[in-house]
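The values are calculated or read from the model by the stated rules, or taken from the named source; none is laboratory data. Just so it is clear, the structure is predicted and the values come from calculations on it, not from any experiment. When we count neighbours, we look across all protein chains shown, and the Cβ atoms used for this are built from the backbone with ideal geometry, even at glycine.
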Amino acid sequence: MKAKSVTVIGAGPAGLMAAIEAAVNGAEVTVLEKNSILSKKLLITGKGRCNITNNCDIDTFISNIPTNGRFLYSAVNAFTPQDAIEFFENLGVKTKTERGNRVFPVSDKAYDVAQALQKNARELGCKIIQAQVKALVIEDGVLIGCKDISGNIYKSDSVIIACGGMSYPLTGSTGDGYKLAKQAGHTVTDLSPSLVPLECQEKFCKDMQGLSLKNVRVTVFDNFSKKSVYNDFGELLFTHFGLSGPTILSASCHMKNIQSGKYSIIIDLKPALDDNQLDRRLQRDFQENINKAVSNSLSKLLPRKMIPVVLKLWNVPFDKKCNVITKEERQRLVSILKSFTVTVTKFRPIEEAIITSGGVKTSEINPKTMQSKLLDNLYFAGEVIDVDGYTGGFNLQIAYSTGVLSGRNSAL
């Protein structure tokens with residue numbers, strides 16, 4: 001029986017995993033990638049360290065996929081986070097699990113992960129060609145391959161679209177997959193940035209530019225509904241435009257219909273202490289600095305860049321002596337430290353988002369095979385599909401799992 005031919009569009013983690021799985025199942029595989037460097041986006045994930053996956057069970061995994069998580073049950077069961085860890089270990093990429101069950105290569109190098117995928121694909125006989133796909137080739141309602149911008153036609157029994165979303169366009173994610181999906185009659189849902197930094201109203205963010213806070217509690221508060229919509233604990237970063245960092249990127253997923261003033265980020269700077277404990281801590285610090293100005297008494301409590309900002313919010317003269325601070329003033333300072341509030345104006349541009357929210361409509365894709373319900377032998381994998389997760393390795397796992405399922409079924 002003649003082996004099936006499969007063309008994979010895109011050589012990121014979803015595309016390479018699809019190619020590997022199709023080849024393992026006996027297909028002749030061609031991978032088309034427009035970049036001269038493969039897996040460019042993978043190389044910058046996790047600040048260049050590559051958060052390979054999240055070492056959690058399937059239910060926990062699905063709970064971390066806010067957009068169409070249930071669609072992924074079959075895919076994640078077919079290739080679990082534990083399967084991903086074992087897969088990379090077998091390719092020689094030793095892994096380690098860090099806080100929040102985040103899995104990284106022991107080497108802390110995304111390059112090692114990308115190279116392992118590429119080497120494995122080539123060893124299995126996958127042909128990797130630099131070419132930018134322009135269109136699918138469909139004759140009499142039958143998909144027979146695809147065509148690149150130079151007019152070259154790549155005929156195959158199956159085509160897998162795995163060329164990413166719209167985020168980080170310098171890595172090649174420029175929405176090509178959405179155009180191909182539309183050509184096949186698919187619906188592409190509204191695209192928006194996800195896991196994206198936030199622009200904020202307060203000028204003090206710029207004053208604290210570059211300051212990273214660790215072990216803080218972050219709450220997203222909807223000022224219109226007067227409800228808290230998300231809580232997280234971890235790290236954030238002040239920037240010249242507002243806020244970034246892991247907790248902020250995850251928080252952005254929960255901000256719907258964003259508009260200036262709708263959302264506030266409330267930061268608990270001292271989550272390990274309740275109000276009374278923090279008040280006692282302040283009393284001790286002020287007692288130690290009893291004859292000093294308050295501006296010189298907060299260095300043990302706050303980072304240097306943050307002290308003038310907090311003092312301005314506190315509205316107490318910088319030169320006021322610690323020994324004359326009143327109980328009411330202390331309590332006001334406690335409130336600022338437990339509820340340091342920043343007003344969100346908008347998301348940063350989609351080009352700065354880690355992933356794209358939106359994509360090919362999941363109801364038009366068979367979740368058990370990743371095959372199009374509209375055009376036989378067309379498959380999807382990765383960010384091009386309307387699914388996205390929080391930070392922590394979830395989005396790369398989506399790429400592997402959907403890649404495996406599409407690759408396996410395209411080869412049958």
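Quick notes
- Flag if Thr369 is crowded, with 17+ Cβ neighbours inside 10 Å, among the polar types (S, T, N, Q) and in contact with an Asp or Glu (Cβ under 8 Å, 6 or more places away or on another chain): no
- Selection of the stretch 104-138 for residues being assigned to a loop (DSSP other than H, G, I, E, B), out of contact with any Cys (no Cβ under 8 Å at 6 or more places or on another chain) and over 21 Å from Cys163 (Cβ atoms) yields Val106, Ser107, Asp108, Gly125.
- Lone qualifier among Ile290, Ile258, Ile266 - being modelled with pLDDT of 95 or more and of a type outside the set (S, T, N, Q): Ile266
- With a requirement of 2 or more residues that are under 22 Å from Ser194 (Cβ atoms) and without any contact (Cβ under 8 Å) to a residue 24 or more places away in the chain, the helices (runs of 4 or more DSSP H) lying completely within the stretch 1-95 that satisfy it span 58-63.
- The stretch 81-93 - residue that is under 20 Å from the mean Cα position of the chain (by Cα) and crowded, with 20+ Cβ neighbours inside 10 Å and, of those, nearest to Pro105 (Cα to Cα): Ala84
- Condition broken by Asp232, with the remaining ones in (1) in contact with a helix residue (DSSP H, G or I) (Cβ under 9 Å, 6 or more places away or on another chain); (2) touching a residue at least 60 places away in the same chain (Cβ under 8 Å); (3) among the charged types (D, E, K, R); (4) under 30 Å from Pro13 (Cα atoms) satisfied: (2)
- Only listed residue being more than 24 Å from Ile160 (Cα to Cα) and among the polar types (S, T, N, Q), chosen from Asn77, Asn64: Asn64
- Within the stretch 270-282, residues that are under 12 Å from Arg217 (Cα atoms) have Cβ atoms under 6 Å from residues that are of a type in the set (Asp, Glu) in no pair, counting only partners at least 6 apart in sequence or on another chain.
- Taking the criterion of being modelled with pLDDT under 95 and part of a loop (DSSP other than H, G, I, E, B), the residues of the stretch 354-382 that qualify are Ile354, Gly358.
- Any hit, the stretch 394-405, residues being surrounded by fewer than 24 Cβ atoms within 10 Å (Cβ to Cβ), part of a helix (DSSP H, G or I), under 20 Å from the mean Cα position of the chain (by Cα) and in contact (Cβ under 8 Å) with a residue 24 or more places away in the chain: no
- Lone unmet requirement of (1) in the same structural domain as Ser244 (by TED's automatic domain parsing); (2) among the small types (Gly, Ala, Ser); (3) touching a helix residue (DSSP H, G or I) at 6+ places or on another chain (Cβ under 7 Å) for Ala381: (1)
- Residue in the stretch 42-50 that is crowded, with 17+ Cβ neighbours inside 10 Å, hydroxyl-bearing (Ser, Thr, Tyr), outside the structural domain of Ala251 (by TED's automatic domain parsing) and modelled with pLDDT of 95 or more present: no
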